[in-house]
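The values are calculated or read from the model by the stated rules, or taken from the named source; none is laboratory data. Owing to the predicted nature of the structure, the values given are computational and were not obtained by experimental measurement. Because the Cβ atoms are built from the backbone with ideal geometry, glycine has one as well, and the counts that use them run over all protein chains shown. To get the accessible areas, we keep the full protein, side chains included, count just its heavy atoms, and leave off ligands, DNA and RNA. Shrake-Rupley method; radii C 1.70, N 1.55, O 1.52, S 1.80 Å.
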Amino acid sequence: MIIVMSKDAAPEQVAAVVTKIEYSELKTHLVYGEDNIVIGVIGQTERLNPEQIEAWPGVQRAARVKHPFKLASRDFHPATTVVNVGGVKVGTGKPVVIAGPCSVENRNQILESAREAKKAGAHMLRGGAFKPRSSPYSFQGLEGEGLKLLAEAREATGLPVVSEVMDPVNLHTIAQHVDVLQVGARNMQNFHLLKELGKVDKPVLLKRGMAATIEEWLMSAEYILAGGNSNVILCERGIRTFETYTRNTLDLNAIPVVKELSHLPVLVDPSHGIGVARHVKPMAKAALAAGADGLIIEMHPHPEEAISDGKQSLTPAMLMELMNELAGMFPSAMVSETV
Ligand code: PEP
Ligand code: MN
């Protein structure tokens, strides 16, 4: 349930509402909007009567939230959340671009990637150090060494870094080295991991599971928010369909739908979405045209030598071309807001 306090509600009236609600063993979550305070109520709210609550002093409106996700819902938090990643703001309406290789492979490769990403105008660097691979015989990532290299690349370029966390065991080590913790599609419903991410003071990039509905995806975000971490960025990366000419089917429908349902910023990963480098550019443009808050794109200095996902990785020149075209299409937009 949400309780919208009137514009001129006194702090004592807000406190009185919170006390009454918590007395019924329900949890409250205060959202400070531009005009007024919204009190989110979580728990078994069936026993509350919104009409009665509307008669309490200072209350303007009380209504049930019709979705199973509460903290992730726009009803709870009408303004889009802006996630600040080391000064790069995601969710302001100005698209943010994250670029870099699928995996961190060696020092030269990640440093060169970082320099090329920066040169093209990207705002953050991506690179997997712990890789979820379909085969146990495939390269699993440089792990701890990869994290150090990512930190070095950040030092060298000033770009914040994004990297995947696969399980709670490595979470704290990864969190020490990176600026955004990526949850991969395969782990979207690893509830144990999501709960741990709720306790961490680092933004989380939550990718959509390859067979997850929008509701399941938002419920996964809810786990992180409910744990106390409000810095969640969603990422549409394609879902699995019957189509075989493309790696996945990029669900552009999800962008306006999620943006209506939720206040969380939404990025799009056209690289995994389509899986073919030469088709990434149109899908990247389409994602921004559909209202995405930014993109995460795989770029490798030498895609033909990439250990993972070379087929879908842009060359630095392709990234530069994409960024230039995006700047032409969204003139005021392509400079991300920084603090
Ligand atoms: C990745 O970003 O390299 C990755 C493995 O993505 P996803 O989890 O979306 O497959
Ligand atoms: Mn990849």
>> Which three numbers, in whole Å and largest first, are the semi-axes of the equivalent ellipsoid of segment 2-63 derived from its Cα gyration tensor as √(5λ)?
In response: 17, 12, 11
>> For the chain, what does the helix formula give at 222 nm: sum of -39500 (n - 2.57) over DSSP H segments with n ≥ 4, over the residue count, nearest 500 deg cm²/dmol?
In response: -10000 deg cm²/dmol
>> What distance in nm lies between label points placed 7 Å from Cα along the C-beta direction at residue 260 and residue 51?
In response: 3.0 nm
>> If I build a Gaussian network model for the chain, linking alpha-carbon pairs within less than 10 angstrom, which residue out of 203, 68, 136 has the largest mean-square fluctuation?
In response: 136
> Which value results for Rg/Rh of the chain when Rg is the Cα radius of gyration and Rh the Kirkwood radius based on the inverse mean 1/r?
Replying inline: 1.01
> Accessible area per residue, 1.4 Å probe, Å², for the chain: what's the number?
Replying inline: 44 Å²
> Round to a whole number: what % of the accessible area of segment 2-63 belongs to carbon and sulfur, probe 1.4 Å?
Replying inline: 48 percent
> Whose amide H sits under 5 Å from the amide H of residue 205, counting only residues 5 or more places off or on another chain, with H placed in the peptide plane?
Replying inline: 181, 182, 183, 233
> For residue 289 and residue 139 in the same chain, what is the full-extension length gain: residue separation times 0.36 nm, less their Cα-Cα distance, in nm?
Replying inline: 50.4 nm
> Counting DSSP beta bridges in the chain, what percent are antiparallel, to the nearest 5?
Replying inline: 40 percent
>> Taking each pair of distinct Cα atoms in segment 1-158 once, what is the resulting Kirkwood hydrodynamic radius in Å?
In response: 19.4 Å
> Non-local amide H neighbours of residue 103 (under 5 Å, H modeled in plane, Pro and chain starts lacking H): which ones?
Replying inline: 128, 308
> Per-residue accessible area for residue 2 at 1.4 Å probe radius, Å² rounded to 10?
Replying inline: 10 Å²
> Stretch residue 191-residue 22 to full length: gain in nm at 0.36 nm per residue minus the Cα-Cα span?
Replying inline: 58.2 nm
> Which far-off residues, 5 or more places away or on another chain, put their amide H under 5 Å from the one on residue 263, with H placed in the peptide plane?
Replying inline: 74
> Ranked highest first by the average count of other Cβ atoms within 10 Å around their residues, in what order do 102-108, 241-247, 78-84 fall?
Replying inline: 102-108, 78-84, 241-247
